[in-house]
Structure formats: structure tokens, C-alpha cells
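In what follows, a structure is listed as C-alpha cells, so that the remarks can point back to it.
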Amino acid sequence: MAADWVDLRSDTVTKPSPEMRRAMAEAEVGDDVYGEDPTINRLEAEAAHLLGKEAGLFVPSGTMANQVAILAHTERGDEMFIHQDSHAYYYEGGAAALWAGAMLTLLDGAEGLFTADALRARVRPANIHHPRPRLVSLENTHNRAGGAALAPDRVDPVMAAAHELELSVHVDGARLFNAAVALGIPAARLVRDADSISICLSKGLGAPVGSVLVGSRTFIDRARVYRKWLGGGMRQAGVLAAAGLLALRNVDRLAEDHARAERLMASLKGMGYQAWGPSVPTNMVMIETSGPAQPLVDKAADLGVRIGTMGAQRIRLVTHLDVDDAGIDRALHAFEAMKVRD
Ligand code: TLP
């Protein structure tokens with residue numbers, strides 16, 4: 001039966017499928033703090049293999065994956081370079097300052113990415129007056145840049161510059177597979193030169209919970225200690241990893257979400273909305289509103305369409321596993337009805 005609403009607030013809202021729930025119920029489990037959960041071990045190995053790295057670490061959330069990575073790359077007072085619109089700076093409650101004691105230096109640049117030259121210009125030489133420059137954090141796809149997929153010709157030079165400057169590189173790849181599918185490039189290639197990557201299973205891939213941090217064996221051994229510090233040592237969490245393993249099979253179908261987002265954007269533009277996406281779009285559409293965005297969000301909710309804001313005058317729509325063509329039609333009808341009010 002078709003739902004009488006559609007939820008476009010985020011791709012985090014997907015519900016586990018019956019098949020996923022069955023796999024969770026039947027998962028083989030053990031105590032992961034002893035390294036004995038076979039399903040978690042399989043998920044960690046599979047994620048690492050997919051991204052061309054040695055080892056993986058299962059964590060409950062994308063936020064914890066990023067924060068454990070920052071802890072494992074830095075010491076207190078170290079400097080981390082990050083785009084000012086990145087999730088690890090903008091949406092993680094200042095956690096990098098709280099846990100790692102990292103000093104965040106913010107950079108700007110198109111579509112959520114700064115250039116290699118901009119990075120070089122900000123990294124100061126070793127000197128008693130300066131923090132120790134240590135880490136660059138990138139994000140692909142870039143959420144606040146409208147889900148921008150960042151191609152290697154843009155990302156590789158930044159990673160190369162970071163390494164020349166003896167900085168490590170972390171990639172927040174909460175939606176890395178969206179980038180890979182949109183660009184038609186294997187995910188492992190996108191992060192070939194990264195030292196660590198976090199991927200989320202609970203976004204477009206449809207798992208109810210879970211992220212994996214991957215990197216070298218030494219890095220992951222260190223990260224495992226920090227996960228423990230943050231209370232993330234989970235016991236028989238193979239029930240969650242089982243969902244994650246199935247989620248990894250949903251990579252190719254992300255193309256359907258992208259196609260629906262494209263249709264949504266084209267139709268919204270056709271209606272006269274200021275809808276936009278990045279140069280390589282994925283599963284998001286942004287709309288600039290002429291006044292405050294919230295009244296439009298409330299009105300859409302009344303019409304059975306859940307959407308969210310990403311700024312006082314910006315709306316974000318996200319397609320995902322639980323949005324079908326009828327859901328897009330429903331959203332478009334609502335926007336048609338709201339047109340006169342914006
Ligand atoms: N993003 C959420 C909100 O927090 C904004 C969303 O709805 O998009 N990295 C990126 C790039 C993300 O977009 C998110 C979640 C995270 C990390 C954090 O993941 P969780 O929510 O699992 O901690």
C-alpha cells in the first residue's frame with residue numbers, strides 16, 4: 001500500500017527491509033570486544049577490501065567514525081584543516097575540540113573542497129609559535145555543497161599536497177558510494193591516497209545503524225582504542241553488522257536515487273523554484289527560498305511531504321531507498337500547490 005506521505009528530510013530515515021531484519025535476527029554473533037564477532041569481522045574486512053585498505057572498524061555512527069579518526073590521527077593541540085561547510089566541523093557539536101583537543105583551521109572553496117594551493121598557503125612551518133599541522137579532513141560526497149560528488153582530478157591534488165606537507169588525510173565518506181556511482185569510478189579509486197575513510201551504512205545504503213572506519217592495520221589498531229574511550233566497544237553487535245553487510249549490496253541501486261533527484265530538480269526548476277545541485281549531483285536537491293524556509297517546510301508537512309532546512313533560506317530534499325517514483329510525484333504535487341505561497 002502506498003504511504004500517504006514521503007520523507008525527503010534525509011537518507012538517514014530508511015527502515016530496514018524484511019530481508020535485512022531476517023539477516024539481523026539470524027546473524028552469527030560473538031563478543032566483539034574480544035574480537036570474536038564473526039559478522040562484524042566480516043563487515044570490517046569487506047569494507048576495507050572495497051576501499052582498498054588493510055583494515056576496518058565498525059562504529060555506531062558517522063560522527064563517531066569521524067571523531068575516532070581525528071583522535072587517532074592527532075594529539076592535543078594539533079591542527080586539522082577542514083572546509084568550513086564540512087560535517088565534522090559544522091554538524092558534530094564541536095566534538096573535535098572536545099575529544100581530540102584539535103585546533104580546526106577552516107578553509108573555503110567551491111563545492112565543499114579547497115584547492116591544494118589554498119592548503120599550502122595555510123600550513124605554517126614548524127615553529128614554537130604554531131600548532132603542529134597534522135591532518136586534512138575532506139568530505140565526499142559533500143553534504144552542504146548539495147551532495148557534490150568530487151572527482152579525483154579535484155581531490156587527488158589536495159591529498160598530494162597534504163602528504164607533501166606531511167599531513168594525514170581523512171575522508172568523511174558518509175556517502176562515498178553515491179560519489180562513486182555518480183562519477184562511474186570505483187570507491188577505492190576515489191580514496192586511493194587517503195589514510196582513513198569513514199563510510200556510513202545507515203544513509204542511502206539502508207542499514208538502520210552503523211559506519212565503518214577503514215585504514216592501515218596500524219591506524220585501525222589505534223582507532224580501536226579511541227572507540228573504546230568513546231564507549232563504542234560493542235559486544236554482540238553482529239546483529240547490526242549483518243544489516244551492514246546487506247547494505248553494501250545496495251551500492252549499485254544508488255543510481256536510482258540519483259535519477260529521482262534529477263527528475264525532482266528539473267521539475268522544481270520548471271515550476272520556478274530556485275532549485276540547484278552541484279556540478280556532479282547525487283541524491284540531493286537544494287532550494288533557495290525568497291523568505292524564511294521554515295514556513296514552506298511546515299506547509300509541505302501538512303501536505304504529506306517531509307523536507308528539511310539547510311540554512312534559514314535553504315531547503316534540502318534527499319532521495320533514498322524508501323522513496324519511489326510515486327513519492328517524487330507526491331512531492332512535486334505539494335510543491336506545485338505551494339508555489340503561490342513562496
Ligand atoms: N548527516 C545528517 C545530518 O547530521 C546533517 C544528514 O541528514 O545528512 N558525515 C556526513 C557527510 C553526514 O552527512 C553525516 C550525517 C554524518 C557524517 C554523521 O553521520 P551520523 O548521523 O551517523 O552520525
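Where a number appears in this text, it was derived from the coordinates with a stated rule and is not lab data. For clarity, every value in this text was computed on a predicted model and none was experimentally measured. Positions of Cβ are generated from backbone atoms using ideal geometry, with glycine treated the same way; all protein chains shown enter the neighbour counts.
Structural remarks
- Shown for the chain is the translational diffusion coefficient from the Stokes-Einstein equation, using the Kirkwood radius over Cα pairs, a temperature of 4 °C and a viscosity of 1.567 mPa s: 63 µm²/s.
- Only lysine pairs 8 or more places apart, or on different chains, with alpha-carbon atoms under 20 angstrom apart are counted in the chain, and they number 4.
- With the helix formula -39500 (n - 2.57) applied to DSSP H stretches of n ≥ 4, the chain reaches a computed 222 nm mean residue ellipticity of -11500 deg cm²/dmol.
- Treating r as the C-beta distance of residue 166 and residue 235 and R0 as 35 Å, the FRET efficiency rounds to 0.35.
- Among the helices of the chain, those built from whole DSSP H runs whose Cα atoms reach 15 Å or more along their own axis and whose mean Kyte-Doolittle hydropathy is at least -1.0 are 38-50, 62-73, 152-164, 254-270, 325-338.
- Within-12-Å neighbourhood charge of residue 139 [Cβ basis; K, R +1; D, E -1]: -2
- Across all Cα atoms of the stretch 1-130, the radius of gyration (one decimal) and Dmax (whole number) stand at 19.7, 66 Å.
- Over all orientations, the stretch 104-186 has a Cα convex hull whose mean projected area works out to 5.5 square nanometres.
- Translational diffusion of the stretch 136-279 was estimated from the Stokes-Einstein equation, with Rh taken as the Kirkwood radius over Cα pairs; at 4 °C and 1.567 mPa s the coefficient is 77 µm²/s.
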